[in-house]
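J.: Input: one structure, supplied below.
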Amino acid sequence: MHNALGYIVSILIAAAIGYLFGSFNGGIVSVRLLKHEDIRKFGSGNAGLTNVLRCFGKACGICTLIIDLGKGAAAMALAQFVGRQLAWAPLSEGTGDVHDYRWLCYVAAIFAVLGHVFPIWHGFRGGKGVLVGVSVFLVINPLTFVILMAVFGLVLGCSKYVSLASCIATLFVIPVTVVLEHFVRGAYWSVSLIYAALIAVPVFLVVYSHRENIERLKNGTERRIGEKKAQ
């Protein structure tokens, strides 16, 4: 089935896997199970790791971290596995791999982040997608994950703003993807740019979900890590 229909069906399958997995929000689930509360009614109202840690502590935070990292990685691994089993939509020329299905991971990643931000299981009110975005590279390219974490840690250490570190590290993914795909995996520049374009979709979705944080950063009202909320 190496034709247009095969590629379209493969995209739809990867998108469905990504969105359904992504809609399973770690913060909402962890707080409901452990504290019998809705995290979206506390703190900033965001169903993400930072707000979970601030409002409900380390146990809920660890569960959130495991679920949100795991669901993204699982969605992309499953999308790639199904793609390989069906063998309908391989990329080959210029990818550094005779039968490359990693592009389906990028499709699943787009919809996993979309599902996290607008989860069908939780009334379309979710988190900001950072952990899910990070999990992309646990499957696609672990070296990118290491670089991403280094950038995040550096910016956080210097600024003490989790939101700023998240946005900068996330944006950094685009040029890193181009460089690593071409120089490490041996993909053509054209293919590297295609992968960068695919990953740019969840990247900008994550940054867009931080629009309120960005506004507070501009106004100087964003809370630094460890800073107490003003009374």
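The values are calculated or read from the model by the stated rules, or taken from the named source; none is laboratory data. It should be emphasised that the depicted structure is a prediction, and the values quoted were computed from it without experimental measurement. Here the Cβ is made from the backbone with ideal geometry for all residues, glycine too, and neighbour counts use every protein chain on show. Remember, those area values only see protein heavy atoms, side chains included, never the ligands or the DNA or RNA. Shrake-Rupley method; radii C 1.70, N 1.55, O 1.52, S 1.80 Å.
J.: Can you pull the accessible area of Glu215 for me, 1.4 Å probe, Å² to the nearest 10?
T.: Answer for Glu215: close to 90 Å² accessible.
J.: Per-residue counts of other Cβ atoms within 10 Å, averaged by peptide: what ranking do you get for 120-128, 152-160, highest first?
T.: So the peptides 120-128, 152-160, ranked by packing, come out 120-128, 152-160.
J.: Let me ask something else. Before I look further, what does the stretch 157-231 give for accessible area per residue, probe 1.4 Å, in whole square angstrom?
T.: 59 Å²
J.: Below 10 angstrom from the Cβ of Thr50, what's the summed charge of the other residues (Lys, Arg +1; Asp, Glu -1)?
T.: Values: positive: Arg54, Lys128, Arg223; negative: none.
Neighbour charge sum, excluding Thr50 itself: +3.
J.: Another question, if that's okay. Below 8 Å between Cα atoms, with a sequence gap of 6+, how large is the relative contact order for the stretch 1-129 in percent?
T.: 39 percent
J.: What relative contact order, as a whole-number percentage, does the stretch 52-194 give when Cα pairs under 8 Å and 6 or more residues apart are counted?
T.: Contact order relative to length: 21 percent.
J.: Roughly speaking, what % of Cα-Cα pairs in the chain are separated by over 33 Å, rounded to a whole number?
T.: Percentage above 33 Å: 18.
J.: Helix 49-86 sits at what angle to the longest principal axis of the chain, using alpha carbons and giving 0 to 90 degrees rounded to 10?
T.: 10 degrees
J.: For the chain, take the longest principal axis of its alpha carbons; what is the angle in degrees between that and the long axis of helix 4-22, to the nearest 10 within 0 to 90?
T.: It works out to around 20 degrees.
J.: Enter the accessible area per residue of the stretch 1-90 (Å², integer; probe 1.4 Å; all protein chains in place).
T.: Values: 4300 Å² over 90 residues.
Per-residue accessible area for the stretch 1-90 comes out at 48 Å².
J.: Relative to the longest principal axis of the chain, what angle (0 to 90°, nearest 10) does the C-alpha long axis of helix 130-139 take?
T.: Helix 130-139 sits roughly 30 degrees off the main axis of the chain.
J.: Sticking with this one: Would you please classify the overall shape of the stretch 107-231 from the alpha carbon gyration tensor, given that a ≥ b ≥ c denote the square roots of the eigenvalues, rounded means a/c under 1.5, and beyond that prolate means a/b larger than b/c while oblate covers the rest?
T.: It comes out oblate by the Cα gyration axes.
J.: Considering only protein heavy atoms and a probe of 1.4 Å, how much of the accessible area of the chain is carbon and sulfur, as a whole percent?
T.: 69 percent
J.: Still on this structure, please answer the following. Helix-only mean residue ellipticity at 222 nm, the chain, DSSP H runs n ≥ 4 weighted -39,500 (n - 2.57), per residue, nearest 500. What is it?
T.: -24000 deg cm²/dmol
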